[in-house]
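*Asks:* I'd like to ask you about the structure that follows.
All of the numbers you see were taken from the coordinates with simple rules; none came from a lab. Every value quoted in this text rests on a predicted model; they were computed, and no experiment measured them. All Cβ positions, glycine included, derive from the backbone under ideal geometry; neighbour counts span all protein chains shown.
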Amino acid sequence: MSENIFCKNLGPFKLGKIAFIIGANIAHDQNDILIHNIKSLKDSRNGDLTFLSNKKYVADLKWCQASVCLVPLNFELESKITPLLLHVPNPYYAYALLVDLFYTPAKKLKEWVVPSAFIAKSAKIGKNCYIAHNVVIEENVEIGDDSVIESGSVIGYGVRIGHRARIGSNVSISYALIGDDVVILPGARIGQDGFGFATHQGVHKKIYHTGAVIIGNNVEIGANTTIDRGSMNNTIIEDLCRVDNLVQIGHNVHIKKGTILVAQVGVAGSSVIGSYCALGGQVGVAGHITITDNVQIAGQGGVIQDIKESGIMGGTPAVPIKDWHRQTIILKKLINEKKK
């Protein structure tokens, strides 16, 4: 199969331009070196640029044939290698900047409302929007300029979406106010009722939800993720958050600025997660929990009580990561002793 069937390569670019974009220093006689592509350490060839952001792959540099490799500022290698090393503070971030320089989607979208789409007369659609096949946009919806809504998505009554939204196929959005530059990947469900019932004498009475979902600017919501609207207060996702695929966010949850939730995280109702936290895959957070800012929780951790200090946590119940490792070692010793 031909390379780049789904994206277009805009290169080559001179190394001088590349170095300027990522803030790297190069010798004057290296400015005109042409870079044609960005590849992994193992797949790169002459004319390619690659990067090293994980020490695990240092050995691959010995065989790497790339013309240039991005490496951390303090990186040193005694053996002679082929690539020219460009030292940058964060190679992975520099790589992300250069991907935007080199590549653009092969599929080009122009301003168009496909005839099969249904748009209510009271809906307001901004300039230069692309509305794909079988999209449904209900009454009193507002969508900002330069937005894309892919096939089969449903935007419910009164929803407001800011400028430059990218909404994938088969997304449903209801009872939601969404900011600018938001990406919502296919199959996401935003604004449905949460799991709220009052039980009396064996009867589970459903609680009518009066809250909404508020999503800030520059947020990404992963495929098949669900975000429940609030039962009374709003469910809030603040600016710059990143929510991976298959994440469940319950009603009244508040996710603060810049936090990352990795795949299969579950956050139960009315919990608050602070700014710039990172929850690893399959982390579970019980209801009515508060997690302070700058907390990292290792994959499969279980949070059943408030976390009041920043740091790295792990295990179930989640404790400081060093304590979790000590628990694991002690448990292993006890098991070995029992076997003897």
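*Asks:* Might you report the magnitude of the Cβ-based charge dipole of region 125-184 about its Cα centre, with Lys and Arg at +1 and Asp and Glu at -1, to the nearest 20 debye?
*Replies:* With only Lys, Arg, Asp and Glu charged at Cβ, the dipole is about 80 debye.
*Asks:* Considering only DSSP beta bridges with both partners in region 1-91, what is the antiparallel share in %, to the nearest 5?
*Replies:* In region 1-91, DSSP labels about 15 percent of beta bridges as antiparallel.
*Asks:* Would you grab the residues whose amide H sits under 5 Å from the one on residue 312? Only those 5+ places off in sequence or on another chain, please, with H modelled 1.01 Å from N.
*Replies:* Answer set, sorted by chain and number: 296, 321.
*Asks:* What FRET efficiency comes out for the pair residue 333/residue 78, r = Cβ-Cβ distance, R0 = 56 Å, nearest 0.05?
*Replies:* Once rounded, the FRET efficiency stands at 0.90.
*Asks:* Going by how many other Cβ atoms sit within 10 Å of their own, how do 240, 97, 41 line up, fewest first?
*Replies:* Ranked by crowding around the Cβ, least crowded first: 97, 240, 41.
*Asks:* Cut-off under 17 Å on the C-alpha distance; same-chain residues fewer than 8 positions from residue 108 excluded. Which aspartates and glutamates are left, in chain and number order?
*Replies:* Here the aspartates and glutamates satisfying the reach criterion relative to residue 108 are 100, 145, 146, 150.
*Asks:* Another question, if that's okay. Using the Cα centre of the chain as the reference point, and only Cβ charges (+1 on K/R, -1 on D/E), how large is the resulting charge dipole? Debye, rounded to the nearest 20.
*Replies:* 940
*Asks:* Specify whether the C-alpha gyration tensor of the chain places it in the rounded, prolate or oblate class, a ≥ b ≥ c being the square roots of the eigenvalues: rounded for a/c under 1.5, otherwise prolate if a/b is larger than b/c and oblate if not.
*Replies:* oblate
*Asks:* Among the lysines, which have Cα under 24 Å from the Cα of residue 17 when same-chain residues fewer than 8 positions away are ignored?
*Replies:* Partners found: 8, 39.
*Asks:* Residue 123's amide H: which non-local residues (gap 5+, or another chain) put their own amide H closer than 5 Å, with H modeled 1.01 Å from N in plane and none for Pro or chain starts?
*Replies:* 140, 141
*Asks:* Leaving out same-chain residues fewer than 8 places away, which aspartates and glutamates sit with a Cα under 18 Å from that of residue 80?
*Replies:* 60
*Asks:* Antiparallel as a % of all DSSP beta bridges within the chain, to the nearest 5?
*Replies:* 15
*Asks:* Toward the positive end of the charge dipole of the chain, about the Cα centre and with charges on Cβ (Lys, Arg +1; Asp, Glu -1), which of 274, 190, 335 goes farthest?
*Replies:* 335
*Asks:* Can you sort 199, 50 from fewest to most other Cβ atoms within 10 Å of each residue's own Cβ?
*Replies:* Values: 199 8, 50 27.
Listing 199, 50 from fewest to most nearby Cβ atoms yields 199, 50.
*Asks:* Which value, in debye to the nearest 20, gives the size of the charge dipole of region 195-340 about its Cα centre, when Lys and Arg are +1 and Asp and Glu are -1 at the Cβ? Don't jump to the answer; show the numbers that get you there.
*Replies:* Values: 14 positive and 10 negative charges, 148 e Å.
So the dipole magnitude of region 195-340 works out to roughly 700 debye.
*Asks:* If you don't mind, there's one more thing I want to ask. Which one of 15, 57, 31 has its Cα pushed farthest toward the positive end of the charge dipole of region 1-58, where Lys and Arg give +1 and Asp and Glu give -1 at the Cβ?
*Replies:* Of 15, 57, 31, it is 57.
*Asks:* Got a sec to turn the phi values of region 305-318 into Karplus ³J(HN,Hα) couplings, 6.51 cos²θ - 1.76 cosθ + 1.60 with θ = phi - 60°, whole Hz, x for Gly and Pro?
*Replies:* Result, ordered by residue: 8, 4, 10, 9, 10, 5, x, 9, 10, x, x, 10, x, 5 Hz.
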